[in-house]
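This report concerns only the one structure given below.
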Amino acid sequence: MHQIIIQDTTQRYQSVEAKKAHGATYTPDNLARFVAERIVENAELEGRELITILDPAIGDGALVLALLDALKHKTGALLSIRGFDTNVSALDESARRIRAAHPKAQLELMRGDFLDFALKAGTNRAVPSLFSCSEAKVFDLIIANPPYVRTQIMGAERAQQLASAFGLTGCVDLYQAFLLGMAQVLSPNGTAGIIVSNRFMTTKGGGALRSALLERFDLRQIWDLGDTKLFSAAVLPAVLVARGRASASAGAARFTSIYEVKDEPEAQASDPLEALRYTGVVVVADGRRFRVRHGTLDSSSGVGNVWRLASESGDEWLAMVDRQTWKRFGEIGKIRVGVKTCADKVFIRHDWDSAFGAEKPELLRPLTTHHAAGRFRASTPKKGRAILYPHEVVQGKRQAIPIENFPKSRAYLEKHRLALEGRSYVMEAGRSWYEIWVPQDPQAWSAPKLVFRDICERPTFWIDLDGTVVNGDCYWLATSREDDTDLLWLACAVANSTFAESFYDHRFNNKLYAGRRRFITQYVEQFPLPDPSLPLSQEIITRAKAIYKANHAPEVKEMERDLDELIWRAFGLGIEEVRR
């Protein structure tokens, strides 16, 4: 056995990897075994005399050890392991563990950045000193749990370099570059098993990565492990098993998802990973219940759309909805996030009256925040908030209001000028020091609008008829034509229905912890609307207005239940029990 540890002078991610070395994100043993076994099931091992293995972020060696154990009774080939990490203590620990358990394996470890190696391999340039060879290697098996490091931590310069090198867009995470780097060093007939965050599968920013993975790997199996809490860190993981492109399969990758529910169980298992053997609701030893679904990967909707689990019943359900759909939410108006001041303590307060009395600034406007969230109609928060909003539209162009015409507002803002000028990016953009960073459209606030929260277990959409400004913790939709207000009522009814929850689960296949869904632009803009001219739609609109008028009275619960049934009928479906 050979152990080589090569020092790297760059040490780019040592501080991040140091946290990992303390156990923050290392792979649990049961998940390591699961990934290793799936790799072996998909690998071509017969007749091999030498099998090269890579872990690009080896950490304490748990993944490699699991893979070596899985290979032990499957092949007699010589096993040659290469590993990277930026933490020398982790490398020492992994070397000790691997040497003790598998003394016959060849082991070469490097303290350094795998991405530099992958970039050189991708351009077929020499890789001096890496593995005592002059050319970049390709690997038969790759097992990895790459580090999760966002742009803010790795730095903008490095993030831009990786984005350019690997063709990534949006907020780059280090694991995304690792995925594409592994594609460059995987043998055409090799097999990779990778643990990643499931986030890239369902976000607009992950579109370029999804497209690249389909192009550069032959994806075989995907497991969305959802809110199983396999890691102590707050991450929703997924596992990808892929082959090199030389062994491209004809069919779509198999796709399995598992998410916690409250439904009655149909089977039992020791833990969430064992539960993956079943279909339906499975209770595990600690009492949690999970719904396990099996199907295939649907990536046919284009680069910008999400990866979803396709099944015959689910596809038929969506096809029925499509046949009854008149337009999508995004076709009746643009969905926007609320204002972002980047100085909320200055612009937003709940005590304007008590703190300033007669000297209260003139430019105050009522503000809707998540504190006022309610279904169909906003609730009344304990502390109503208002925003000093120094923007207007003149001759069709948004501009800052001349504050010299509003002495009370000017006096207040001048007191906070130092803090506001600290937002250097505002002035660098050619804006006035007292402006809100993202004010949105000043003349749109007076129009009726649909407002909704981002993250919640149950949809919370409401109509605003009070001309409030919407804060950045909510989204809002105003129709493209002011005389289309009834479309907002129809959209509000659909969005608050259990049908919308089922549509979300069928179409986007994505939840956070505790069954919460994310109602963000890329999802909500795809929500369907029935034809508003149909009598059933007109009845839906009338009932939605009645619920608004009832203003959270006790009878609203029954009114919502009756309306919910109409929504299902409008899309040609029988009402279903929604799983939360």
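The values are calculated or read from the model by the stated rules, or taken from the named source; none is laboratory data. Note that the structure is predicted; figures quoted are calculated from it, not measured. Every residue, glycine as well, gets a Cβ built from its backbone with ideal geometry; the counts of neighbours run over all protein chains shown. What goes into the accessible areas is simple: the full protein's heavy atoms, side chains included, and nothing from ligands, DNA or RNA. Shrake-Rupley method; radii C 1.70, N 1.55, O 1.52, S 1.80 Å.
Restricting attention to region 175-188 and to residues that are under 17 Å from the mean Cα position of the chain (by Cα) and not small (Gly, Ala, Ser), the residue that is surrounded by the most Cβ atoms within 10 Å (Cβ to Cβ) turns out to be Gln176. Residue pairs whose Cβ atoms lie under 6 Å apart, sitting 6 or more positions apart in sequence or on different chains, and linking a residue in region 554-579 that is outside any helix (DSSP H, G or I) and among the aromatic types (Phe, Trp, Tyr) to a partner that is modelled with pLDDT of 95 or more and surrounded by 12 or more Cβ atoms within 10 Å (Cβ to Cβ), are Phe571/Val321; Phe571/Gln324. Scanning region 52-74 for residues that are in contact with an Asp or Glu (Cβ under 8 Å, 6 or more places away or on another chain) and either surrounded by fewer than 19 Cβ atoms within 10 Å (Cβ to Cβ) or part of a helix (DSSP H, G or I) (or both) yields Ala62, Leu63, Val64, Ala66, Ala70.
Among the residues of region 536-553, those identified as among the small types (Gly, Ala, Ser) and part of a helix (DSSP H, G or I) are Ser537, Ala544, Ala546, Ala550.
Regarding Ser354, is this residue under 14 Å from Thr468 (Cα atoms), open to solvent by 70 Å² or more (accessible area, probe 1.4 Å) and not aliphatic (A, V, I, L, M)? Spelling it out, it is not the case that Ser354 is under 14 Å from Thr468 (Cα atoms), open to solvent by 70 Å² or more (accessible area, probe 1.4 Å) and not aliphatic (A, V, I, L, M). Counting the residues of region 351-408 that are more than 28 Å from Lys557 (Cβ to Cβ), among the small types (Gly, Ala, Ser) and out of contact with any Leu (no Cβ under 7 Å at 6 or more places or on another chain) gives 6.
The criterion of at least 3 residues that are in contact with a helix residue (DSSP H, G or I) (Cβ under 7 Å, 6 or more places away or on another chain), farther than 17 Å from Thr460 by Cα and of a type outside the set (D, E, K, R) is met by none of the helices (runs of 4 or more DSSP H) wholly inside region 484-535.
Taking residues in region 152-166 that are farther than 21 Å from Lys120 by Cβ, and partners anywhere that are among the aromatic types (Phe, Trp, Tyr) and modelled with pLDDT under 75, the pairs with Cβ atoms closer than 9 Å and at least 6 places apart or on different chains are Ile153/Tyr13.
Residues of region 403-428 that are touching a residue at least 12 places away in the same chain (Cβ under 8 Å) and among the charged types (D, E, K, R): Lys408, Arg417, Glu421, Arg423.
Would a scan of region 493-513 turn up a residue that is over 23 Å from Arg308 (Cβ atoms), more than 21 Å from the chain's Cα centre (by Cα), open to solvent by less than 20 Å² (accessible area, probe 1.4 Å) and of a type in the set (A, V, I, L, M, F, W, C)? Looking for residues that are over 23 Å from Arg308 (Cβ atoms), more than 21 Å from the chain's Cα centre (by Cα), open to solvent by less than 20 Å² (accessible area, probe 1.4 Å) and of a type in the set (A, V, I, L, M, F, W, C), one finds at least one in region 493-513, hence yes.
Residues that are open to solvent by 20 Å² or more (accessible area, probe 1.4 Å), out of contact with any Pro (no Cβ under 7 Å at 6 or more places or on another chain), over 23 Å from Ser197 (Cα atoms) and not hydrophobic (A, V, I, L, M, F, W, C): does region 23-40 have at least one? No, the conditions are met nowhere in region 23-40. Inspect all residues belonging to region 330-352 and state whether any of them is closer than 26 Å to Leu490 by Cα, touching a Lys or Arg at 6+ places or on another chain (Cβ under 8 Å) and without any contact (Cβ under 8 Å) to a residue 60 or more places away in the chain. There is no residue in region 330-352 that is closer than 26 Å to Leu490 by Cα, touching a Lys or Arg at 6+ places or on another chain (Cβ under 8 Å) and without any contact (Cβ under 8 Å) to a residue 60 or more places away in the chain.
Where helices (runs of 4 or more DSSP H) fall wholly inside region 310-367, the ranges with 1 or more residues that are farther than 19 Å from Lys383 by Cβ and of a type in the set (D, E, K, R) are 312-324, 329-332.
Checked against the criterion of being in contact with a Phe, Trp or Tyr (Cβ under 7 Å, 6 or more places away or on another chain), among the acidic types (Asp, Glu) and over 20 Å from Arg38 (Cβ atoms), region 155-166 has no qualifying residue. Scan region 251-259 and give yes if some residue there is over 20 Å from Thr296 (Cα atoms) and touching a helix residue (DSSP H, G or I) at 6+ places or on another chain (Cβ under 8 Å), otherwise no. No, region 251-259 contains no residue that is over 20 Å from Thr296 (Cα atoms) and touching a helix residue (DSSP H, G or I) at 6+ places or on another chain (Cβ under 8 Å). Restricting Thr169, Thr191, Thr203 to residues that are of a type in the set (S, T, N, Q), open to solvent by less than 40 Å² (accessible area, probe 1.4 Å) and farther than 30 Å from Arg289 by Cα narrows the list to Thr191.
The number of residues in region 329-346 being under 22 Å from the mean Cα position of the chain (by Cα), open to solvent by less than 70 Å² (accessible area, probe 1.4 Å) and not hydrophobic (A, V, I, L, M, F, W, C) comes to 3. Of Leu225, Leu219, all but one fail to be open to solvent by 10 Å² or more (accessible area, probe 1.4 Å) and under 24 Å from Arg33 (Cβ atoms); the exception is Leu219.
If you filter region 248-272 down to residues that are open to solvent by less than 20 Å² (accessible area, probe 1.4 Å) and either free of Cβ contacts under 8 Å to residues at least 12 places away in the same chain or over 19 Å from Ser311 (Cβ atoms) (or both), you find that the one that is nearest to the chain's Cα centre (by Cα) is Pro272.
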